[in-house]
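A.B. asks: Below you will find the structure I want to go over with you.
The values are calculated or read from the model by the stated rules, or taken from the named source; none is laboratory data. In this text, all values refer to a predicted model and were calculated from it rather than measured experimentally. When we count neighbours, we look across all protein chains shown, and the Cβ atoms used for this are built from the backbone with ideal geometry, even at glycine.
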Amino acid sequence: MRYLTLLLLPSFSCFLNFAICQNPSTNSAGQVITVQPKIMAIPYTKEGEDLRTILEADENKRIALTKVKEGFDSRGFTTVDFVAKLKAAKDNNIFTSENQSDIKSQIIDMSGADVYVQSEVIVEKGQSGNSVKLILTAYEASTGNSLSNKVGESGKFYTDDFNKLASKAVENCIEDFLNTIQEKFSDIVNNGKSIIIDISFDSNSEYTMSSEIGSEGLLLSDEIEMWMENNAFKNNYHLQGTTDLKMIFDDVRIPLKDQATGNNYNPNKFALEMHKFFRGLGLQISRNIKGSTIYLTIK
Amino acid sequence: MKVMKLNSGVKTIAIMIYITLMINCSYKPIPTAEVNFLTGKDGTITMRAIGVGTNIDDATNDAENNAINVLLFRGLPGSDQKVALIGTNEAEEKNKHPEYFNNLYKGKRYKTFVMSSIPTTDLIKHKGGKKSIAVDIKVNVAALRKDLEQNNIIRKFGF
């Protein structure tokens, strides 16, 4: 019997390894690395302009874009390459050129970028010299929160080398631009990441936001807000508005790391908590997550 | 005999008062932030800083120290590094990483980030024996930032 136990012990421990532990080949020994935001640099386009032709025809825009990416690289940060994504999209025939703004947003969605950096190059020619101005703006893709805005100027020079001027305009503002983004990132690390929560009702649902629900018989909207009050990171949330059929939180902060386990935390995990909350109220929901937006539909 | 004892007591008191006065009047460097931005390019910043000391070397070291201190804990208006590299609460930050800052300041490791240090004035004497000098100091900010990141004093770019 003793020998049998000794023989069975290793196999039991193997079973435990498979059942409980992380795959041994990917086991990180408890080390958790914070998931970094995906950043993509894109050119500015006016309404109706074709992104591809704009970028392919204008070398100044390409230079500005490359210099911006170079700035991120110098800080040891890898950006998502817009041109590569554009080519992949072109190869896959995903987009048509009919609606440019749609293409831009589709590329951002497809790339999974959390932050996009838009650069607008303005070439100015004059008798007192030529110059290039650059408008750099960084936004959170999902919420539209502005992260950094800078205007870079090359200064006026008697030269037709606009490539050099574009390069100079980026150099004059990129460090400041990156420092401001980093400040906002620090705010996110300390005060949580911003997500949007959109709660609506299925067309066949018997409930509305005014339905009295739960053991205390409170309005559903009140129950939701009370839960949000307790679960938003550092009690930081903003309610955009409530109607009978909709409730939108346009800024709910969630932590970057799970406060209990220290593992990475994301909108999906927050949606799971909301799912549990609604189930506790006796409600069935369906949930969809797109980037940092959670769509909940009460059935 | 009593007069002798009284005299020695008065002498002791007089000496003590003299020592106290001397200590109070002796030179004490006051922390200053007399650092102004001159130029900046490709990860470097050139500043004009005022340093105080008993001789040129001391005063120049103090100016370099001030320049690094301003970059780390104050930020330099007009430059790309408008915000402090670490944070404005220097006492808290220094307490968090005493070994790093001891090495940086007392071990004079900050000098490895100083690319050039050129005095622009002679040593100027002030009242009370204080001497000061203005120095143009070029600092490799990119390397300084990387060093802070590698030693976990600040976060790398991103979350």
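A.B. asks: Out of B:68, B:56, which single residue is within 14 Å of residue B:132 (Cβ to Cβ), among the hydrophobic types (A, V, I, L, M, F, W, C), touching a strand residue (DSSP E or B) at 6+ places or on another chain (Cβ under 8 Å) and surrounded by 14 or more Cβ atoms within 10 Å (Cβ to Cβ)?
C.D. replies: Working: B:68 fails: within 14 Å of residue B:132 (Cβ to Cβ).
It is B:56.
A.B. asks: Turning to a different aspect of this structure: Checking the condition over 20 Å from residue B:42 (Cβ atoms), touching a residue at least 12 places away in the same chain (Cβ under 8 Å) and among the aliphatic types (A, V, I, L, M), which residue from B:137, B:133 passes? Before you say what the answer is, go through the steps one by one.
C.D. replies: Details: B:137 fails: over 20 Å from residue B:42 (Cβ atoms).
That would be B:133, the only listed residue that is over 20 Å from residue B:42 (Cβ atoms), touching a residue at least 12 places away in the same chain (Cβ under 8 Å) and among the aliphatic types (A, V, I, L, M).
A.B. asks: Let me ask something else. Could you tell me whether the range A:49-61 includes any residue that is buried (at least 18 other Cβ atoms within 10 Å of the Cβ), within 14 Å of chain B (Cβ to nearest Cβ) and closer than 17 Å to residue A:122 by Cα?
C.D. replies: no
A.B. asks: Just give me the residues in the range A:267-299 being over 16 Å from residue A:200 (Cβ atoms), of a type in the set (S, T, N, Q) and surrounded by fewer than 16 Cβ atoms within 10 Å (Cβ to Cβ), in sequence order.
C.D. replies: Correct list: A:268 only.
A.B. asks: Report whether or not residue A:164 is in contact (Cβ under 8 Å) with a residue 24 or more places away in the chain and basic (Lys, Arg). Talk me through it step by step, then tell me what you get.
C.D. replies: Numbers: in contact (Cβ under 8 Å) with a residue 24 or more places away in the chain: no; basic (Lys, Arg): yes.
For residue A:164, the condition - in contact (Cβ under 8 Å) with a residue 24 or more places away in the chain and basic (Lys, Arg) - is not met.
A.B. asks: What strands (runs of 3 or more DSSP E), lying completely within the range B:43-159, carry at least 1 residues that are polar (S, T, N, Q), touching a helix residue (DSSP H, G or I) at 6+ places or on another chain (Cβ under 7 Å) and within 14 Å of another protein chain (Cβ to nearest Cβ)? Break it down stepwise before answering.
C.D. replies: On the way: elements: B:44-53, B:114-119, B:131-140.
Qualifying strands (runs of 3 or more DSSP E): B:44-53, B:131-140.
A.B. asks: Let me ask something else. If I filter the range A:62-93 down to residues being more than 19 Å from the chain's Cα centre (by Cα), within 14 Å of chain B (Cβ to nearest Cβ) and loosely packed, with under 14 Cβ neighbours inside 10 Å, which single residue comes out as farthest from residue A:52 (Cα to Cα)?
C.D. replies: The extreme case among them is A:76.
A.B. asks: Sticking with this structure for a sec: Just need a number here: residues in the range A:154-196 that are within 12 Å of another protein chain (Cβ to nearest Cβ) and either assigned to a loop (DSSP other than H, G, I, E, B) or among the aliphatic types (A, V, I, L, M) (or both).
C.D. replies: 8
A.B. asks: Further question: Which of the residues spanning the range A:222-250 are outside any helix (DSSP H, G or I) and in contact with a Lys or Arg (Cβ under 6 Å, 6 or more places away or on another chain)? Outline the logic, then answer.
C.D. replies: As a first pass, look at the range A:222-250 and keep what is outside any helix (DSSP H, G or I): A:232, A:236-250.
A:232, A:236 - these are the residues of the range A:222-250 that are outside any helix (DSSP H, G or I) and in contact with a Lys or Arg (Cβ under 6 Å, 6 or more places away or on another chain).
A.B. asks: Based on what the data block shows, is residue A:184 charged (D, E, K, R), within 30 Å of residue A:72 (Cβ to Cβ) and not assigned by TED's automatic domain parsing to the domain that holds residue A:141?
C.D. replies: Values: charged (D, E, K, R): yes; within 30 Å of residue A:72 (Cβ to Cβ): yes; not assigned by TED's automatic domain parsing to the domain that holds residue A:141: no.
No: the conditions fail for residue A:184.
A.B. asks: Against the definition (assigned to a loop (DSSP other than H, G, I, E, B), surrounded by fewer than 20 Cβ atoms within 10 Å (Cβ to Cβ), over 16 Å from the mean Cα position of the chain (by Cα) and in contact (Cβ under 8 Å) with a residue 40 or more places away in the chain), how does residue A:204 come out, yes or no? Even if it seems obvious, please write down each step before you answer.
C.D. replies: Details: assigned to a loop (DSSP other than H, G, I, E, B): yes; surrounded by fewer than 20 Cβ atoms within 10 Å (Cβ to Cβ): yes; over 16 Å from the mean Cα position of the chain (by Cα): yes; in contact (Cβ under 8 Å) with a residue 40 or more places away in the chain: yes.
Taking the combined requirement at face value, the residue satisfies it.
A.B. asks: List every residue pair whose Cβ atoms lie under 8 Å apart, where the two residues are 6 or more positions apart in sequence or sit on different chains, the first residue falls within the range A:55-77 and is on the phi < 0 side of the Ramachandran plot, and the second residue, located anywhere, is aromatic (Phe, Trp, Tyr).
C.D. replies: A:60/A:162; A:65/A:82; A:71/A:177; A:72/B:157; A:75/B:157; A:77/B:157
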